[in-house]
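Asker: Below: one structure in structure tokens.
Read-outs throughout are calculated quantities, based only on the coordinates presented, and are distinct from any laboratory measurement. This structure is a prediction, so every number in the text was calculated from the model and none was measured. With ideal geometry, Cβ positions are generated from the backbone for all residues, glycine too; neighbour counts draw on all protein chains shown.
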Amino acid sequence: MKSIYDFSVKDSSLKDVSLSEYKDKVLLIVNVASYCGLTYQYEGLEKLYKKYKNKDFEILGFPCNQFALQEPGSNEEIKKFCDTKYGITFKILNKINVNGSKEDPFYTFLKNKRSGVGGTKQIKWNFTKFLINKDGDVVNRFGPQSEPKNIESSIKELL
């Protein structure tokens, strides 16, 4: 696999979604959780999405329960939480693993393209963010503590 566009992922209804549908768009890929100290970042992510969605920007949220079991619900429960608590309108996809022997191949690809602090490939926690340019290149990786408002300038540069 050479590009993110070579991958398909599952949506929250377990239907295949080809990432080639996102060609010519800037993407922010985020592993999310409903019961995390960083869950409040949903609010900032939604603000970014609403501000730039008409300028070829998309956010793809991948629920993950690998960090202190902070995403225990089913896809349906997660989607309902996102809708009712934060009014999320960006895509929330199928719950996946982002580390370990059962990690999703898409996350293996992302981590191989952009390592974290100190060169580590492992995802450290929920709300790690990968920024993808319109050509499908992984151009940046932001740690969980990076607030959505603090990465807005990086997004604007790519739009």
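Asker: Compute the distance in nm between two label points, each set 7 Å from the Cα along the Cα-to-Cβ direction, one at Lys85 and one at Gln145.
Answerer: Here the modelled spin labels are 2.3 nm apart.
Asker: Using only DSSP helix segments of four residues or longer, with each worth -39500 (n - 2.57), what per-residue ellipticity at 222 nm results for the chain after dividing by its residue count and rounding to 500? Kindly include the intermediate steps, with their values, before the conclusion.
Answerer: Details: 4 runs with 39 residues, N = 159.
Here the helix-only value at 222 nm equals -7000 deg cm²/dmol.
Asker: Compute a Gaussian network model of the chain, connecting alpha carbons closer than 10 Å, and tell me which residue from Glu71, Glu46, Glu103 fluctuates the most.
Answerer: Among Glu71, Glu46, Glu103, the largest mean-square fluctuation in the Gaussian network model of the chain belongs to Glu103.
Asker: Summing Lys, Arg as +1 and Asp, Glu as -1, what charge do residues with Cβ under 15 Å from the Cβ of Leu38 carry, Leu38 excluded?
Answerer: Values: positive: Lys85, Lys124, Lys129, Lys149; negative: Glu43, Glu46, Glu71, Glu147.
Residues close to Leu38 contribute a combined charge of 0.
Asker: Taking H placed 1.01 Å from N in the peptide plane, check which residues at least 5 places from Asn140 or on another chain put their amide H under 5 Å from its amide H.
Answerer: Result for Asn140 returns Leu131.
Asker: I would also like to ask the following. Between the range 100-158 and the range 2-34, how many Å separate their Cα centres?
Answerer: Taking the Cα centre of the range 2-34 as reference, the centre of the range 100-158 is 13 Å away.
Asker: What order, most packed first, do the peptides 143-151, 36-44 have when packing is the mean number of other Cβ atoms within 10 Å of each residue?
Answerer: Details: 143-151: 15.4, 36-44: 17.6.
In decreasing order of mean packing, 143-151, 36-44 become 36-44, 143-151.
Asker: For the range 64-79, just list the computed ³J(HN,Hα) in residue order, Karplus coefficients 6.51, -1.76 and 1.60, θ = phi - 60°, integers in Hz, with x standing in for Gly and Pro.
Answerer: 9, 10, 7, 10, 6, 6, 8, 9, x, x, 6, 4, 4, 5, 5, 4
Asker: In terms of the Cα gyration tensor, with a ≥ b ≥ c the square roots of its eigenvalues, is the range 1-57 rounded because a/c is under 1.5, prolate because a/b exceeds b/c, or oblate?
Answerer: Values: a/c = 2.22, a/b = 1.35, b/c = 1.65.
Oblate is the answer for the range 1-57, as a/c is 1.5 or above yet b/c matches or exceeds a/b.
Asker: Nearest 5 percent is fine: what portion of the DSSP beta bridges confined to the range 1-83 is antiparallel? It would help to have the intermediate numbers written out before the result.
Answerer: Working: 3 of 10 bridges.
Approximately 30 percent, going by the DSSP bridge assignments.
Asker: Further question on the same structure: Long-range amide H contacts for Lys91: which residues qualify at under 5 Å (H placed 1.01 Å from N, peptide plane, sequence gap of 5 or more or a different chain)?
Answerer: Those qualifying (amide H under 5 Å, at least 5 residues apart or on another chain) are Ile59, Gly61.
Asker: Another question about this same structure. Note down the relative contact order for the chain as a percent, whole number, built from C-alpha pairs under 8 angstrom at least six residues apart. Spell out each step's value before the answer.
Answerer: Values: 291 pairs, mean separation 47.1, N = 159.
The value is 30 percent.
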